[in-house]
Amino acid sequence: MLRFFTAGESHGPSLTSIVEGIPAGITVAAAQINQDLARRQQGYGRGGRMKIEKDEVQIRSGVRWGESLGSPITLVVENKDWRNWEKRMSPFAEDRDDRIAVTRPRPGHADLTGVLKYNHRDARNVLERASARETTMRVAVGALAKCILNPFGVTVMGYVASIGEIEANHANMTPEAIFTRAEVSPVRMADIVAEEQTIALIDRCKQQGDTLGGIVEVVATGLPPGLGSFVHWDRKLDGRLGHALLSLQAVKGVEVGLGFATARVPGSQVHDEIAFAQGKGFVRHSNNSGGTEGGMSTGEPLRVRVAFKPLSTLMSPLHSVDLRTKEPVEATIERSDVCAIPAAAVIAECVVAFVLAQAFLEKFGGDSLTEIKRNYEGYLEQVRQF
């Protein structure tokens, strides 16, 4: 079973992940992972933290001479800002200083509920782990998952569909064309007009001390039919995607294919009609379902959209209550971004990649890449000959 754990705080010494279930013989290079880590740090509207950090992974176990061994893989990313926080985030009791406690919880963040749940008196004990800095390791793990999918021609692409009320016009463009253009856009949009409007909007929000959310889209191509299952609720592919994506900080909505729009039109305008093409097998004339039916991949491109709310740290803070005095105060201000949606597209892309790699290994599982390829090719032949 492919699974992972992450550990580390936003201003701790490092962020760590242990990934278990990677088969032997998978090509793994730190440079591949670092490429996605660098993409996560980019985007117009990012804050000062990204000027301090240069996220680069260290592979501490499970890989030898560029290939996975089949044993757990340990990934570590050091926090360069740690040297400025050594006393404030120290593990040693003698460094305790209650004068620096964070006692003004931010609306929209985990601060208040976290201190109530864990009986803390300092929201720093909550916000450090709840921080979106944790997504650094989600990206590293997702980049590792892509190493499993790459040999089988599966490509996962993330880009921005909208920021605030500004929607990118990606009509009549293939996912590959959108992705290629979006990768050179500071807001990760393939629409130049929307890009310019979005940059101006981010600038206005920064002046006002406000933040922006948005919607990102992730498309995966090259998937075979049959990943996931209709048999049990927790094996359904779209359900697992929703679970993984909703676990990301600030995510408030996930839709597959037409999503909520399917509730507003008749079934004749929703369901993808089926045909049979000689040499190709079963095909669909449309992809309104977003590449899943009955909790399984259809073989069509997988398409998911993810809604991220605006960041909780506002430079013009909202009203709150002090944890100690219970008096009205302004919420605390932590170093933050005005808009992180361009980065969110990369994060969502990597989360989707992990879920797909997990489902892929469940379907074609083996202890080595050679064994998986044999299982995969046999299944494709079975589908072709159906």
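If I filter segment 57-93 down to residues being touching an Asp or Glu at 6+ places or on another chain (Cβ under 8 Å) and in a loop (DSSP other than H, G, I, E, B), which single residue comes out as farthest from Arg204 (Cα to Cα)?
Per the criteria, the residue is Gly70.
Name, by its number, the condition in (1) buried (at least 24 other Cβ atoms within 10 Å of the Cβ); (2) over 30 Å from Arg133 (Cα atoms) that does not hold for Leu356.
Tallying (1) buried (at least 24 other Cβ atoms within 10 Å of the Cβ); (2) over 30 Å from Arg133 (Cα atoms), Leu356 fails exactly one: (2).
Residues checked against (1) modelled with pLDDT of 95 or more; (2) crowded, with 17+ Cβ neighbours inside 10 Å; (3) under 18 Å from Thr298 (Cβ atoms); (4) under 21 Å from the mean Cα position of the chain (by Cα):
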| position | (1), (2), (3), (4) |
| --- | --- |
| Val193 | yes, no, no, no |
| Ala200 | yes, no, no, no |
| Lys206 | no, yes, no, no |
| Val219 | yes, yes, yes, yes |
| Leu227 | yes, yes, yes, yes |
| Lys236 | yes, yes, yes, yes |
| Gln249 | yes, yes, no, yes |
| Glu255 | yes, yes, yes, yes |
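I need the helices (runs of 4 or more DSSP H) fully contained in segment 126-228, keeping only those with at least 3 residues that are farther than 30 Å from Gly66 by Cβ. Talk me through it step by step, then tell me what you get.
Details: elements: 135-149, 175-182, 192-208.
It comes to 175-182, 192-208.
Quick check: anything in segment 209-229 under 29 Å from Gln385 (Cβ atoms), small (Gly, Ala, Ser) and touching a Lys or Arg at 6+ places or on another chain (Cβ under 6 Å)?
Within segment 209-229 (the criterion being under 29 Å from Gln385 (Cβ atoms), small (Gly, Ala, Ser) and touching a Lys or Arg at 6+ places or on another chain (Cβ under 6 Å)), the answer is yes, since at least one residue qualifies.
List pairs: first residue in segment 191-210 and farther than 27 Å from Pro317 by Cβ, second residue among the small types (Gly, Ala, Ser) and part of a loop (DSSP other than H, G, I, E, B) anywhere in the structure, Cβ distance under 7 angstrom, at least six positions apart or on different chains.
Asp191/Ala168; Ala194/Ala168; Glu195/Ser185
Test Thr113 against the criterion of being over 29 Å from Gly257 (Cα atoms), among the hydroxyl-bearing types (Ser, Thr, Tyr) and without any contact (Cβ under 8 Å) to a residue 24 or more places away in the chain, and give yes or no. Lay out the reasoning, then the answer.
Details: over 29 Å from Gly257 (Cα atoms): yes; among the hydroxyl-bearing types (Ser, Thr, Tyr): yes; without any contact (Cβ under 8 Å) to a residue 24 or more places away in the chain: yes.
Yes.
If the requirement is being of a type in the set (A, V, I, L, M, F, W, C), in contact (Cβ under 8 Å) with a residue 40 or more places away in the chain and surrounded by fewer than 19 Cβ atoms within 10 Å (Cβ to Cβ), which of these qualifies: Met173, Met89? Let's see the steps before the verdict.
Values: Met173 fails: in contact (Cβ under 8 Å) with a residue 40 or more places away in the chain.
The unique qualifying residue is Met89.
The values are calculated or read from the model by the stated rules, or taken from the named source; none is laboratory data. Quantities reported herein were computed from a predicted structural model and do not represent experimental measurements. Neighbour counts are summed over all protein chains in view; Cβ atoms, including those assigned to glycine, are modelled from backbone coordinates with ideal geometry.
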